[in-house]
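Below: the structure, in structure tokens.
The values are calculated or read from the model by the stated rules, or taken from the named source; none is laboratory data. Small disclaimer: the values here were computed from a predicted structure and weren't measured. Methodologically, a virtual Cβ is constructed for each residue, glycine included, from the backbone with ideal geometry; neighbour enumeration extends over all protein chains shown. Heads up: the accessible areas ignore ligands, DNA and RNA and are worked out on the full protein's heavy atoms, side chains in. Shrake-Rupley method; radii C 1.70, N 1.55, O 1.52, S 1.80 Å.
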Amino acid sequence: QVQLVESGGGLVQAGGSLGLSCAASGRTLRGYAMGWFRQAPGKEREFVAAINWSGGSTRYADSVKGRFTISRDNAKNTVYLQMNSLKPEDTAVYYCASSPQLVPTQGYLYSYWGQGNQVTVSS
């Protein structure tokens, strides 16, 4: 069993930056890919970014490519999402998740999920 706890986020003005962290406990993330998803009010959950176990492979949604960076520190069992040049449409609850697959973009391929963390970008 893996417990994922997100931290960071909050309120920022458009054009600003925020960082999210996701710490795992219960077992190591060794061998697991990690992903970030988000869900805005009234919208479906969408893929944001994913990273493989070694950190050598990443994938991003087109909407965040060039602005967001996913990374991980396996020694700390933690994955990060650095968000720059934020836009009001980035406002959502952000979730981290772990998957035994390589670098999946589909939510159903993820086994464990965090509780979510609110990110609000004001215009």
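Figure legend. Inter-residue proximity from the range 84-107: first residues farther than 16 Å from Arg30 by Cβ and open to solvent by 20 Å² or more (accessible area, probe 1.4 Å), second residues assigned to a loop (DSSP other than H, G, I, E, B) and of a type in the set (D, E, K, R), beta-carbon distance below 8 Å, spacing 6+ or different chains. Indicated pairs: Asn84/Arg67; Ser85/Arg67; Tyr95/Arg45. Counting the residues of the range 9-23 that are assigned to a loop (DSSP other than H, G, I, E, B), surrounded by 13 or more Cβ atoms within 10 Å (Cβ to Cβ) and over 17 Å from the mean Cα position of the chain (by Cα) gives 2. Here is a check on your reading of the model: is Ser57 open to solvent by less than 70 Å² (accessible area, probe 1.4 Å), polar (S, T, N, Q), in contact with a strand residue (DSSP E or B) (Cβ under 6 Å, 6 or more places away or on another chain) and over 17 Å from Thr120 (Cβ atoms)? Considered against the rule, which asks whether it is open to solvent by less than 70 Å² (accessible area, probe 1.4 Å), polar (S, T, N, Q), in contact with a strand residue (DSSP E or B) (Cβ under 6 Å, 6 or more places away or on another chain) and over 17 Å from Thr120 (Cβ atoms), Ser57 comes out as no.
For the range 100-117, the criterion of a residue being in contact with a helix residue (DSSP H, G or I) (Cβ under 7 Å, 6 or more places away or on another chain), at pLDDT 95 or above and either under 15 Å from Arg38 (Cβ atoms) or not hydrophobic (A, V, I, L, M, F, W, C) (or both) is satisfied by no position.
One residue is enough: does the range 105-123 have a residue meeting the conditions among the hydrophobic types (A, V, I, L, M, F, W, C) and assigned to a loop (DSSP other than H, G, I, E, B)?
Initial filter on the range 105-123 (among the hydrophobic types (A, V, I, L, M, F, W, C)): 109, 113, 119, 121.
Restricting the remaining residues to those that are assigned to a loop (DSSP other than H, G, I, E, B) gives none.
Scanning the range 105-123 turns up no residue that is among the hydrophobic types (A, V, I, L, M, F, W, C) and assigned to a loop (DSSP other than H, G, I, E, B).
Please verify whether the range 24-39 includes one or more residues that are within 25 Å of Gln101 (Cα to Cα), part of a strand (DSSP E or B), modelled with pLDDT under 95 and open to solvent by 30 Å² or more (accessible area, probe 1.4 Å).
Initial filter on the range 24-39 (within 25 Å of Gln101 (Cα to Cα)): 24-39.
Narrowing further to those that are part of a strand (DSSP E or B): 24-25, 33-39.
Filter once more, so that each one left must be modelled with pLDDT under 95: 24-25.
Going one step further and asking which of them are open to solvent by 30 Å² or more (accessible area, probe 1.4 Å), we end up with 25.
Yes.
Quick one: in the range 71-91, of everything that is more than 16 Å from Gly35 (Cα to Cα) and not aliphatic (A, V, I, L, M), which residue is modelled with the lowest pLDDT? Taking the candidates together, the pick is Lys76.
Taken together, the residues in the range 60-83 that are assigned to a loop (DSSP other than H, G, I, E, B) and surrounded by fewer than 18 Cβ atoms within 10 Å (Cβ to Cβ) amount to 9.
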